Amino acid sequence: MTITRFAPSPTGWIHIGNLRAALFNYAIARAAGGTFILRIDDTDPERSKEEYVEGIKADLTWLGLTWDRMERQSLRLDRYAAAKDRLVAEGRIYECFETPVELDLKRKKQLNMGRPPVYDRAALSLSEDDKTRLRAERGSHWRFKLDHARIEWQDGIMGEISIDAASVSDPVLIKNDGQWLYTFASVVDDTEMAVTDIVRGSDHVTNTATQIQIIQALGAPVPRFAHHSLLTGPGGEGLSKRLGTLSLRDLRGQGIEPMAILSLMARLGSSDPVELRDSVAEVVEGFRLESFGSAPTKFDAADLAPLSAHVLAAKPLSEVAGDIRAAGVPDALAEAFWQVVRGNLASRADLARWWQILSQGGVGTVDAEDAEFAATALSLLPDPPYGPETWAAWTDAVKRATGRKGRGLFMPLRRLVTGQDTGPEMAEVMALMQVRPSLA
């Protein structure tokens, strides 16, 4: 069975960058009829917050990405301890005592000598007496002892990858304060949960190389790995400083439709064109991991607004009826209202604005030179109720009275009724007007 996972750290809100990992792993699992695990990486008690756990769940639910089960790493600390004991007994994990300052000095010395800043394994030469003395003086951390051989795998996106383990420092698995690091906790979870496929960002390639050896040391089969490209801004700039403004929480607050986000992110960076989908199932059906490339992928948040507007306009009344009712539209007018305004909404919040125009009026505007024209036009408009013929009859009367025609006639009248230069067909708007138009 195909088993994938999404393992966010609850130290902030999900943003558009790490959504890709969630979506890709979700699509792989669902396409294969497998299992998708939401695994909360909360081994850092200082930075992990419960509000972020709830936020992660809320954001995924809003998008329609459901999980089959949820795990929390903070509840699995005994499993990491057992795995550590096993690897210590096998000589694959060793205790180190260097302070961060000492490690930094070592790295600088190696760089100055033109050597790669790889940990020198000095801790392996310590005697038991040395270790006892150092434990009394300072804390210790634990590293995994890599086999100095080439680590190779066929990446689902990047193709064949080969990394010389001798060029990589033995990874730290446990910090001085006893915290289990992602590199180890994730591997233990992946092996014990029988994860078969892992898709994550290309910044994890080196992590994958070292984790493959840890997986093998634990005697588990190595999952299929794929590393998607990282997102950049539209000009190729890094998104790291902007991700705080690109959280799903913020995009939802801006009124962006979930299917606009999923439709874009399921194709962005691939050889397939972006196509708007009506459901998560359609997104999964059209997803092809092999179509994605390894080059950095440009993302422009401005692309979401027009996509979202198209998604919203395509919805049947049944999917927006609650929003229309909340905007104050009577149920008897809901169908007609939706048909008139659906193509002129940036978000669902615009429903209330359009109903205010139709039910309260008082939003009209005119240029100074059109003030006399507006007064004449309003005097020629009867009180409601209006019908489909009202607009034509009114514009014909205003044309005869003022001599205006074309844009000089219709544009000021549109502004007088709606306060806008563009919008739905005015004959349809007038048929829904509940009050006599007036100036703001």
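The values are calculated or read from the model by the stated rules, or taken from the named source; none is laboratory data. Just so we're clear, the structure is a prediction, and the values are computed from it rather than from any experiment. Don't worry about glycine lacking a Cβ; one is built from the backbone with ideal geometry, like all the others, and counts go over all protein chains shown.
Among GLU46, GLU51, which is closer than 18 Å to TYR182 by Cα and surrounded by fewer than 22 Cβ atoms within 10 Å (Cβ to Cβ)?
The match here is GLU46.
Looking at ARG400, ARG404, can you tell me which residue is more than 19 Å from VAL341 (Cβ to Cβ) and exposed (fewer than 14 other Cβ atoms within 10 Å of the Cβ)?
Checking each option against the conditions leaves just ARG400.
All but one of (1) exposed (fewer than 14 other Cβ atoms within 10 Å of the Cβ); (2) out of contact with any Phe, Trp or Tyr (no Cβ under 7 Å at 6 or more places or on another chain) hold for ARG138, so report the exception by its number.
(2)
Considering only region 125-175, how many residues are closer than 12 Å to ALA209 by Cα and among the hydroxyl-bearing types (Ser, Thr, Tyr)?
Total satisfying the criteria: 3.
Among the residues of region 180-187, are any within 29 Å of GLY293 (Cβ to Cβ), in a helix (DSSP H, G or I) and among the hydrophobic types (A, V, I, L, M, F, W, C)?
Checked region 180-187: at least one residue is within 29 Å of GLY293 (Cβ to Cβ), in a helix (DSSP H, G or I) and among the hydrophobic types (A, V, I, L, M, F, W, C).
If you take the residues of region 226-248 that are assigned to a loop (DSSP other than H, G, I, E, B) and surrounded by fewer than 18 Cβ atoms within 10 Å (Cβ to Cβ), which of them is modelled with the lowest pLDDT?
LYS241
Determine which single condition VAL366 fails, assuming it passes every other condition in (1) at pLDDT 95 or above; (2) in contact with a strand residue (DSSP E or B) (Cβ under 9 Å, 6 or more places away or on another chain); (3) not small (Gly, Ala, Ser).
Among (1) at pLDDT 95 or above; (2) in contact with a strand residue (DSSP E or B) (Cβ under 9 Å, 6 or more places away or on another chain); (3) not small (Gly, Ala, Ser), the lone unmet condition for VAL366 is (1).
Looking at (1) in contact with an Asp or Glu (Cβ under 9 Å, 6 or more places away or on another chain); (2) free of Cβ contacts under 8 Å to residues at least 12 places away in the same chain, which one does GLU369 not meet, given that it meets all the others?
Of the numbered conditions (1) in contact with an Asp or Glu (Cβ under 9 Å, 6 or more places away or on another chain); (2) free of Cβ contacts under 8 Å to residues at least 12 places away in the same chain, the odd one out for GLU369 is (1).
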